[in-house]
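Below is one structure, written out as structure tokens; comments come after it.
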Amino acid sequence: MSGKDHSIEIVDGAGVQVILLDENGVSVASDIELKAGSKIVRNTFTIIFELVAATVSEVVWIAEVKCKLVSVRERHRLASTSGTLMLEHVPSGTAPGSGTNQLTGTISLSGTINTNVSGTLIASPTTFNVGDALGTEIAGTMTSLAGGLVTCEFERIP
């Protein structure tokens with residue numbers, strides 16, 4: 001680029017650099033797939049859902065691409081009495097609460113407030129095919145839970 005400091009930077013909505021074109025060539029973030037003549041596609045994506053005292057076992061998301069769960073975080077503003085959360089792979093035709101657990105154990109919803117808690121994934125998380133769902137299995141007493149938020153990160157599978 002003729003010795004001048006010229007560069008093109010593309011950032012996502014969160015301000016994170018995803019592509020940099022400068023005198024050294026093209027740099028692409030590790031979770032981006034870049035192919036000539038195609039769209040820029042992130043290899044990971046996040047879904048977020050809320051939890052409150054009235055939350056029951058339910059489907060919270062239906063897969064639109066083949067993927068697998070790679071991380072889970074939960075945080076709540078007010079703790080439940082003794083509530084717990086399990087995340088499940090729930091194929092079409094399967095009821096929430098009857099799917100395949102994706103965590104090695106439940107996440108306590110009665111723990112310390114305003115603190116991020118990471119769920120521990122099973123050794124080989126289930127592949128979600130298009131149409132499969134992510135479900136919650138809620139147990140214990142959810143009384144008083146408020147401001148609960150769960151963030152699930154998925155990785156696309158080609």
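Tabulated data for the structure shown
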| item | result |
| --- | --- |
| Residue count for the range 89-132, restricted to those that are touching a residue at least 40 places away in the same chain (Cβ under 8 Å), under 20 Å from Lys66 (Cα atoms) and of a type in the set (Gly, Ala, Ser) | 2 |
| Selection status of Glu64, of a type in the set (Asp, Glu), surrounded by fewer than 20 Cβ atoms within 10 Å (Cβ to Cβ) and not in a loop (DSSP other than H, G, I, E, B) | no |
| Test result for Thr106, in contact with a strand residue (DSSP E or B) (Cβ under 8 Å, 6 or more places away or on another chain) and more than 23 Å from Ala123 (Cβ to Cβ) | no |
| Answer residue from the range 123-139, given it is surrounded by fewer than 16 Cβ atoms within 10 Å (Cβ to Cβ) and of a type in the set (Val, Ile, Thr) and is nearest to Thr84 (Cα to Cα) among those | Thr127 |
| Which listed residue, of Thr104, Thr84, Thr94, is surrounded by 14 or more Cβ atoms within 10 Å (Cβ to Cβ), in contact with a Leu (Cβ under 8 Å, 6 or more places away or on another chain), at pLDDT 95 or above and of a type in the set (Ser, Thr, Tyr) | Thr84 |
| Within the range 46-61, considering residues that are polar (S, T, N, Q) and in a loop (DSSP other than H, G, I, E, B), the one surrounded by the fewest Cβ atoms within 10 Å (Cβ to Cβ) | Ser57 |
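Let's see how each residue does on (1) of a type in the set (A, V, I, L, M, F, W, C); (2) at pLDDT 95 or above; (3) out of contact with any strand residue (DSSP E or B) (no Cβ under 8 Å at 6 or more places or on another chain):
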{"position": "Val26", "(1), (2), (3)": "yes, no, no"}
{"position": "Asp31", "(1), (2), (3)": "no, no, no"}
{"position": "Lys35", "(1), (2), (3)": "no, no, yes"}
{"position": "Ser38", "(1), (2), (3)": "no, no, yes"}
{"position": "Phe49", "(1), (2), (3)": "yes, yes, no"}
{"position": "Glu58", "(1), (2), (3)": "no, yes, no"}
{"position": "Val70", "(1), (2), (3)": "yes, yes, no"}
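The values are calculated or read from the model by the stated rules, or taken from the named source; none is laboratory data. Small disclaimer: the values here were computed from a predicted structure and weren't measured. All Cβ positions, even for glycine, are placed from backbone atoms using ideal geometry, and neighbour counts span all protein chains on display.
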